[in-house]
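Visitor: Quick one: this structure, given as C-alpha cells, is what I'll be asking you about.
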Amino acid sequence: MLEFQEVSYQYPSEDFDIIDRLSFSVAPGSFHCIIGISGCGKSTIFRMTNGLLQPKGGTILVEGQSIVGRKRYCGYMPQKDLLFPWRTVGENVALPLEIQGGLSKAERRDRAEAALRDVGLSGCLDKMPHELSGGMRQRAAFARTMLTGCDLLLLDEPFSALDFLTRISMQEWLVDQWRRHQKTILFITHDVEEALFLSESVLVVEHPPIRELAEIPVPAAFPRDRSSLKLPEMVELKEHLIDLLRKQVTV
Ligand SMILES: Nc1ncnc2c1ncn2[C@@H]1O[C@H](COP(=O)(O)OP(=O)(O)OP(=O)(O)O)[C@@H](O)[C@H]1O
Ligand SMILES: [Mg+2]
C-alpha cells in the first residue's frame, strides 16, 4: 500500500538528513503505529508521504505508483485537529469534497451528514467546532479524513490531547472503524500502550536520524479488548519498548 525506497530528507536549516535512505513498506489493510522520541522525524515521514515536503532523494510509492504529481491518494490528520473555527462542523467535514469539486452544496451536506453519523455525531452538522468536546472534535476531524475517500490514512497523534477515558474509548472506536472500512492506517503516538492496543505491528524509530523502522509484531489477536494489555507477553513488550525509547532520551 505504501512503500518508501531509500527516502531521504533534510530540513534546509539543518546540516544532516533527518530521514536517511529510509526504506519500509506497509501492506494494504494493515494498522501500524509509529513510535519514537520527540523530534526524531515521525511527522516528517507523514509530511513527505502526503506531498507537503519533497524528499531529497528516493521514491515514495502508494499502491505501486510514485506519489509525484498525484493528488488524493492519502488522507492526513495532522497533529492538531485543525477544524476551522469559523466554519460549521458540517462545512469542516465537507472540505475535501469542496476541494475536489463536482458536487452541489446540498450533495456535500448530505455526504457530510452521513460521515458524521458514521462517527456517532448525528445532529452536529450545524454546530460550531467550539460547541463540541475534544473527543467529538477529533471524531469530526476523522470524519473529514474519511471523506477524502482515500484508502491510506495517516493519523498523527490524533488522541494525544484527550483525557484518559475519552482516549481509550476513541481507541476502541478507531479499531472498529478500521475493521469496518478496511483502510490502511499509519498512526503516530508517544503512548506505548496505545500503540500495543491498536497495532498489528509497531514500527519503532530506534535511533535518529531515521535509517530504518524496526517492525515489532504485537502478540495479541484482534478483536482486542483492554485485558489483552495484561497478557504477560504484552506487558513484557511494553517494558521493552519503553526501555528502548528511554535510552534515547537525554535530559
Ligand atoms: N520546518 C522545519 N525546519 C527545520 N527543522 C524542522 C522543521 N520542522 C521540523 N524540524 C525539525 O525536524 C525534526 C523532526 O521533526 P518532526 O516534526 O518530524 O518530529 P516528530 O518525531 O514528529 O516529533 P514529535 O513527536 O515531537 O511530534 C525536529 O528536530 C524538528 O526540530
Ligand atoms: Mg510529530
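The values are calculated or read from the model by the stated rules, or taken from the named source; none is laboratory data. For clarity, every value in this text was computed on a predicted model and none was experimentally measured. Cβ atoms come from the backbone with ideal geometry, glycine included; neighbour counts cover every protein chain shown. Remember, those area values only see protein heavy atoms, side chains included, never the ligands or the DNA or RNA. Shrake-Rupley method; radii C 1.70, N 1.55, O 1.52, S 1.80 Å.
Visitor: Out of (1) without any contact (Cβ under 8 Å) to a residue 24 or more places away in the chain; (2) loosely packed, with under 12 Cβ neighbours inside 10 Å, what's the single condition that is false for ALA214?
Guide: Of (1) without any contact (Cβ under 8 Å) to a residue 24 or more places away in the chain; (2) loosely packed, with under 12 Cβ neighbours inside 10 Å, only one is false for ALA214: (2).
Visitor: Further question on the same structure: Test each condition in (1) under 17 Å from the mean Cα position of the chain (by Cα); (2) of a type in the set (A, V, I, L, M, F, W, C); (3) closer than 15 Å to GLY75 by Cβ for LEU162 and report the one that comes out false.
Guide: (3)
Visitor: So, in region 9-18, exactly how many residues are in a loop (DSSP other than H, G, I, E, B), surrounded by 15 or more Cβ atoms within 10 Å (Cβ to Cβ) and either of a type outside the set (S, T, N, Q) or on the phi > 0 side of the Ramachandran plot (or both)?
Guide: Result for region 9-18: 2.
Visitor: Among the residues of region 133-159, how many are closer than 26 Å to ARG72 by Cα, small (Gly, Ala, Ser) and either within 16 Å of ligand 1 (Cβ to nearest atom) or open to solvent by 30 Å² or more (accessible area, probe 1.4 Å) (or both)?
Guide: Of the residues in that region, 1 qualify.
Visitor: Since PRO12 meets every condition but one in (1) modelled with pLDDT of 95 or more; (2) over 16 Å from the mean Cα position of the chain (by Cα), which condition does it not meet?
Guide: (1)
Visitor: Looking at (1) under 27 Å from GLU200 (Cβ atoms); (2) in contact (Cβ under 8 Å) with a residue 40 or more places away in the chain; (3) out of contact with any helix residue (DSSP H, G or I) (no Cβ under 7 Å at 6 or more places or on another chain), which is the only condition LEU52 fails?
Guide: Status for LEU52: all satisfied but (2).
Visitor: Additional query: For region 19-30, does any single residue satisfy the condition of being over 16 Å from LEU153 (Cβ atoms), surrounded by fewer than 18 Cβ atoms within 10 Å (Cβ to Cβ) and not small (Gly, Ala, Ser)?
Guide: yes
Visitor: Residue under question is LEU116, and the condition is that it be outside any helix (DSSP H, G or I), more than 16 Å from ligand 2 (Cβ to nearest atom) and open to solvent by less than 50 Å² (accessible area, probe 1.4 Å); does it hold?
Guide: So LEU116 does not fit the description; no.
Visitor: Would you list the strands (runs of 3 or more DSSP E) that sit entirely within region 21-101 and hold 2 or more residues that are within 16 Å of ligand 1 (Cβ to nearest atom)?
Guide: 31-35, 74-77
Here is a yes/no grid of residues against (1) among the hydrophobic types (A, V, I, L, M, F, W, C); (2) under 29 Å from SER227 (Cβ atoms); (3) more than 21 Å from the chain's Cα centre (by Cα):
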{"position": "LEU97", "(1), (2), (3)": "yes, no, no"}
{"position": "GLU107", "(1), (2), (3)": "no, no, yes"}
{"position": "CYS124", "(1), (2), (3)": "yes, no, yes"}
{"position": "GLU131", "(1), (2), (3)": "no, no, yes"}
{"position": "GLY134", "(1), (2), (3)": "no, yes, no"}
{"position": "CYS150", "(1), (2), (3)": "yes, no, no"}
{"position": "GLN177", "(1), (2), (3)": "no, yes, no"}
{"position": "LYS183", "(1), (2), (3)": "no, yes, no"}
{"position": "THR189", "(1), (2), (3)": "no, yes, no"}
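Visitor: For the list (1) modelled with pLDDT of 95 or more; (2) over 29 Å from GLN100 (Cα atoms), I need the number of the one condition that MET48 fails.
Guide: Of the numbered conditions (1) modelled with pLDDT of 95 or more; (2) over 29 Å from GLN100 (Cα atoms), the odd one out for MET48 is (2).
Visitor: Using the structure shown, decide if GLU194 is modelled with pLDDT of 90 or more and at positive phi.
Guide: For GLU194, the condition - modelled with pLDDT of 90 or more and at positive phi - is not met.
Visitor: Further question: Return a yes/no flag: does region 181-197 have any residue that is surrounded by 18 or more Cβ atoms within 10 Å (Cβ to Cβ) and in contact with a Phe, Trp or Tyr (Cβ under 6 Å, 6 or more places away or on another chain).
Guide: yes
Visitor: Here's something else I'd like to know. Checking SER38 against (1) of a type in the set (S, T, N, Q); (2) farther than 29 Å from LYS238 by Cβ; (3) open to solvent by 80 Å² or more (accessible area, probe 1.4 Å), which single condition isn't satisfied?
Guide: Among (1) of a type in the set (S, T, N, Q); (2) farther than 29 Å from LYS238 by Cβ; (3) open to solvent by 80 Å² or more (accessible area, probe 1.4 Å), the lone unmet condition for SER38 is (2).
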